[in-house]
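*Asks:* Dropping the structure in here first, questions after.
The values are calculated or read from the model by the stated rules, or taken from the named source; none is laboratory data. Note that the structure is a prediction, hence the values are computed from the model and not measured. Here the Cβ positions follow ideal geometry from the backbone for every residue, glycine too, while neighbour counts run over all protein chains shown. Note: accessible area is taken over every heavy atom of the protein model, side chains too, but ligands, DNA and RNA are not part of it. Shrake-Rupley method; radii C 1.70, N 1.55, O 1.52, S 1.80 Å.
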Amino acid sequence: MKPLDIVFAILVPLTWGFGIVFAKAALEHFPPLLLMALRFEVTALVMLWFVKPPWHLMRKIIAISFISATLQYGFTYTGVKYLDASTAALIVQLEVPFLVILGAVFLKERPSIRKYLGIVVAFIGVFLISGEPRLIGNHWPIMMVMLGAFLWAIGQIMIRQLGEVGGMTLIAWVALFATPQLFIASIVFEDNHFNYMNDASWVVWAAVVYLGVVMTAFGYSIWYHLLGRYPVNLVGPYLLLVPVFSILGGVTVLDERLTLFTIIGGAIVILGVALIAVEPKHVLSKTRIAKL
């Protein structure tokens, strides 16, 4: 890879990793569904000007937006609200093992023994994290984030079956359709919306803009630029830096405390995901990754 592209490859996990940190900070003010609705609203307003509508795929994209945006982020960030950003970022890495499992079931893919080993290792890591004393007897936030990771994997299977569609086009229209879905869900399950928005400080609104513009629009633009120039197995491993940056941000920005359970369990999770995501040099992966 060219030096500039290596910088871009590091910027992607940096923007995504700190996105979890800023989302965690914003969740101190906004309820999760409202926050995600605002995030995708900002994303849609920024990106829709630059993509054409894929009219023949709209029904499928609406379904994808419901699974991979509304449901996924609804569950994930409800769990994140009650977890440290570093812990949540590590559990989110289960997206990759879930995708391998669903790919084997629905797409008849044949994972290698290495990948199956990675799946087992990743789940062992999450099991160790769940033994954190602060979480004993209160595992439901972990289950919510895990469910979100599972829904992300389902969304990826749906995207793979969608056929050829530009990554930026997909993200823009998913954001557009997810926005009203999340607002409706927020109205049903949350309250005091106007109070939350009226009382939000500029710092909270800055976090919303970061999530919508920097994390999503900017981060994914770079990601798809890299995917257009290099194979996934070359740029994909850089995504292992996402939880690293989230942990760094959680400690420095949110003053979170790393425990032995988080450190050991997190290292095992990252090892498991690495066994899945990092292909041997003689294998060229054609997997399309479209994280939202």
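*Asks:* Do any residues in the range 81-101 that are closer than 20 Å to residue 29 by Cβ have Cβ atoms under 6 Å from those of residues that are among the acidic types (Asp, Glu) and open to solvent by 10 Å² or more (accessible area, probe 1.4 Å), where the two are at least six apart or on different chains, and which pairs are they?
*Replies:* Listed by first residue and then by second, the contacts come to 84/256.
*Asks:* Does residue 25 fit the bill of being surrounded by fewer than 22 Cβ atoms within 10 Å (Cβ to Cβ) and within 17 Å of the chain's Cα centre (by Cα)?
*Replies:* So residue 25 passes the test.
*Asks:* Just give me the residues in the range 70-87 being farther than 20 Å from residue 182 by Cβ and of a type outside the set (Val, Ile, Thr), in sequence order.
*Replies:* Answer for the range 70-87, where residues must be farther than 20 Å from residue 182 by Cβ and of a type outside the set (Val, Ile, Thr): 83, 84, 85, 86.
*Asks:* Would you mind finding the one in 58, 47 that is surrounded by fewer than 17 Cβ atoms within 10 Å (Cβ to Cβ) and in a helix (DSSP H, G or I)?
*Replies:* When all the criteria are applied, what remains is 58.
*Asks:* Scanning for something over 17 Å from the mean Cα position of the chain (by Cα), crowded, with 16+ Cβ neighbours inside 10 Å and hydroxyl-bearing (Ser, Thr, Tyr), does the range 115-137 turn up at least one residue?
*Replies:* Scanning the range 115-137 turns up at least one residue that is over 17 Å from the mean Cα position of the chain (by Cα), crowded, with 16+ Cβ neighbours inside 10 Å and hydroxyl-bearing (Ser, Thr, Tyr).
*Asks:* Which of the residues spanning the range 229-246 are in contact with a Gly (Cβ under 9 Å, 6 or more places away or on another chain) and open to solvent by 40 Å² or more (accessible area, probe 1.4 Å)?
*Replies:* 241, 244
*Asks:* So, one more: Within the range 24-37, track down each residue that is over 18 Å from residue 220 (Cβ atoms) and assigned to a helix (DSSP H, G or I).
*Replies:* Answer for the range 24-37, where residues must be over 18 Å from residue 220 (Cβ atoms) and assigned to a helix (DSSP H, G or I): 24, 25, 26, 32, 33, 34, 35, 37.
*Asks:* Determine whether residue 18 is among the aromatic types (Phe, Trp, Tyr) and not in a helix (DSSP H, G or I).
*Replies:* no
Here's the yes/no breakdown for (1) hydrophobic (A, V, I, L, M, F, W, C); (2) closer than 22 Å to residue 266 by Cα:
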residue	(1), (2)
34	yes, no
37	yes, no
52	no, no
65	no, no
68	no, no
107	yes, no
114	no, yes
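*Asks:* Restrict the check to the range 164-171 and report whether at least one residue is open to solvent by 40 Å² or more (accessible area, probe 1.4 Å), touching a residue at least 24 places away in the same chain (Cβ under 8 Å) and either closer than 24 Å to residue 87 by Cα or touching an Asp or Glu at 6+ places or on another chain (Cβ under 6 Å) (or both).
*Replies:* So far as the range 164-171 goes, no, none of its residues is open to solvent by 40 Å² or more (accessible area, probe 1.4 Å), touching a residue at least 24 places away in the same chain (Cβ under 8 Å) and either closer than 24 Å to residue 87 by Cα or touching an Asp or Glu at 6+ places or on another chain (Cβ under 6 Å) (or both).
*Asks:* Turning to a different aspect of this structure: Do we have any residue at all in the range 222-235 that's at pLDDT 90 or above and polar (S, T, N, Q)?
*Replies:* No - not one qualifying residue is present in the range 222-235.
*Asks:* Is it true that some residue in the range 177-191 is open to solvent by 20 Å² or more (accessible area, probe 1.4 Å), over 16 Å from the mean Cα position of the chain (by Cα) and under 19 Å from residue 14 (Cβ atoms)?
*Replies:* No: zero hits.
*Asks:* So how many residues does the range 112-128 have that are more than 15 Å from residue 91 (Cβ to Cβ) and among the hydrophobic types (A, V, I, L, M, F, W, C)?
*Replies:* Matching residues across the range 112-128 total 3.
*Asks:* Go through the range 216-267 and give me each residue that's of a type in the set (Phe, Trp, Tyr), over 20 Å from the mean Cα position of the chain (by Cα) and in a helix (DSSP H, G or I).
*Replies:* Within the range 216-267, just 261 meets the criteria.
*Asks:* Would it be correct to say that residue 150 is part of a helix (DSSP H, G or I), free of Cβ contacts under 8 Å to residues at least 60 places away in the same chain, under 16 Å from residue 95 (Cβ atoms) and open to solvent by 50 Å² or more (accessible area, probe 1.4 Å)?
*Replies:* yes
*Asks:* Based on this model, can you work out whether residue 196 counts as in a helix (DSSP H, G or I), in contact (Cβ under 8 Å) with a residue 40 or more places away in the chain and more than 21 Å from the chain's Cα centre (by Cα)?
*Replies:* yes
*Asks:* Could you grab me the full set of residues in the range 1-13 that are surrounded by fewer than 18 Cβ atoms within 10 Å (Cβ to Cβ) and farther than 15 Å from residue 213 by Cβ?
*Replies:* Within the range 1-13, 1, 2, 3, 4, 5, 6, 7, 10 qualify.
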